[in-house]
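Have a look at the structure below, then the notes.
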Amino acid sequence: MSVIQVESLTKYYKNLKALDNVSFSLEEGQILSLIGPNGSGKTTLTKIISGFSQANSGEIKIFGKSVDDFKKVKDKIGLVSQENNLDQDINVLENLIIHSELCGLNAKIAKKRSLALLQKFGLDKYKHEDIRNLSGGTKRKIMLVRALLTNPKLLILDEPTIGLDPSIRRQFWDIIINLKSQNVSTIFTTHYMEEANFLADKIAFINKGKLILSGKPQELIKNVLESFVFEIKGKISTDNYKSYVYEDKTFIFTPSKELLLSKLKLFGIEPSAIRETTLDDLFLYLTGEKI
Ligand SMILES: Nc1ncnc2c1ncn2[C@@H]1O[C@H](COP(=O)(O)OP(=O)(O)OP(=O)(O)O)[C@@H](O)[C@H]1O
Ligand SMILES: [Mg+2]
């Protein structure tokens with residue numbers, strides 16, 4: 001069964017169309033990564049599907065049922081927002097307990113669950129620490145713990161690993177994979193393509209409010225682009241080849257290295273690199289400058 005089904009969501013901020021007819025669905029235990037340039041609508045989408053903002057039109061079904069009131073599904077969804085919204089003036093444990101109580105847990109269970117999760121994620125030592133004294137990475141972890149307090153079946157994480165060092169980022173990945181093994185579904189946004197590639201069963205590309213492409217990471221690359229990419233200094237015209245320009249380099253895609261090499265030789269052009277196509281290339285191809 002689909003954990004979430006989104007149909008034709010459209011959202012305006014005054015005259016700005018932040019989301020344009022976005023539809024997707026996610027099955028139990030699946031991980032979906034939303035990727036797209038700054039301002040493409042990822043946060044807007046995560047806010048709407050977690051009940052913190054309203055679309056102008058469209059429908060959201062959670063566990064097969066239309067959501068008319070997010071309060072009814074609040075405990076099924078765990079959200080980590082892009083901005084830190086922990087209460088800075090109280091300590092970690094107080095933050096967790098207050099959140100649990102707002103989600104309807106009684107005070108005793110709220111405290112027990114908060115302590116158990118802090119222990120599980122090695123954060124026990126911070127329980128009496130005020131939020132403002134914590135490092136950015138620890139704050140992100142506490143936000144994740146807070147999202148898990150109600151044992152949600154769907155996690156929505158808006159750039160959960162932004163600014164984290166590689167080892168803490170890995171810890172986040174492990175947590176998400178572990179939750180997947182317990183059938184928890186996750187939707188996360190990221191600007192790190194290797195993270196999307198590593199974690200996601202499905203990637204959805206958003207550009208200017210439109211979901212322009214979705215599918216399995218490797219299949220998306222194969223369906224849209226060729227297997228190899230040539231990097232060439234300067235901006236050159238590429239005739240029938242798919243290509244993009246980035247930082248004064250032209251990137252040309254080809255299924256056959258030999259053929260393109262011999263063509264370029266005719267024009268006296270030497271590629272500075274030849275490599276396999278990656279998700280970064282797909283991102284830049286879809287959103288970047290073309291010739
Ligand atoms: N509350 C708001 N009022 C008006 N405009 C908004 C509001 N929130 C977002 N926007 C605009 O809507 C568009 C989508 O913003 P959104 O934050 O969803 O993008 P994003 O993909 O999350 O970007 P980023 O990668 O930078 O986090 C942007 O043009 C943004 O300026
Ligand atoms: Mg955002």
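Using the alpha-carbon positions of the chain, Rg (one decimal) and Dmax (whole number) come out as 21.8, 76 Å. Once the Kirkwood radius over Cα pairs is known for segment 154-208, the Stokes-Einstein relation at 37 °C and 0.692 mPa s delivers a diffusion coefficient of 280 µm²/s. Choose one of LEU199, PRO152, ILE142: the residue whose Cα lies farthest towards the positive end of the charge dipole of the chain (beta-carbon charges +1 Lys, Arg; -1 Asp, Glu; about the Cα centre). Result: PRO152. Charges were assigned to the Cβ only: +1 to each Lys and Arg, -1 to each Asp and Glu. The resulting dipole of the chain about its Cα centre is roughly 580 debye.
Estimated translational diffusion coefficient (Stokes-Einstein, Kirkwood radius over Cα pairs, 37 °C, 0.692 mPa s) of segment 225-287: 283 µm² per second.
Springs between alpha-carbon atoms under 10 Å, Gaussian network over the chain: tell me which of LYS141, LYS127, LYS263 tops the mean-square fluctuations. With Cα springs under 10 Å in the chain, the top fluctuation among LYS141, LYS127, LYS263 is at LYS263. From helices alone, the chain scores -10000 deg cm²/dmol at 222 nm; the rule is -39500 (n - 2.57) for each run of n ≥ 4 DSSP H residues, then divide by the residue total. Bridging of LYS65 to lysines at a Cα separation below 25 Å is possible for LYS11, LYS42, LYS47, LYS74, LYS76, LYS153, LYS180, LYS202, LYS210, once same-chain residues fewer than 8 apart are set aside. Charge tally for LEU86 (other residues, Cβ to Cβ under 15 Å; Lys, Arg +1; Asp, Glu -1): -1.
Largest GNM mean-square fluctuation among GLU101, GLU129, GLU258, using the chain with Cα springs under 10 Å: GLU258.
Across all C-alpha atoms in segment 143-291, the radius of gyration and Dmax reach 18.8, 64 Å.
Put in line by how crowded their Cβ is, counting other Cβ atoms within 10 Å and starting with the fewest, ASP158, ASP20 read ASP20, ASP158. Fewest neighbouring Cβ atoms within 10 Å first, the residues THR44, THR186, THR278 line up as THR278, THR44, THR186. Under 17 Å of direct C-alpha separation, and excluding same-chain neighbours fewer than eight residues apart, LYS249 reaches these lysines: LYS233, LYS235, LYS290.
Where a number appears in this text, it was derived from the coordinates with a stated rule and is not lab data. What you are looking at is a predicted structure, and each value in this text was computed from that prediction instead of being measured. When we count neighbours, we look across all protein chains shown, and the Cβ atoms used for this are built from the backbone with ideal geometry, even at glycine.
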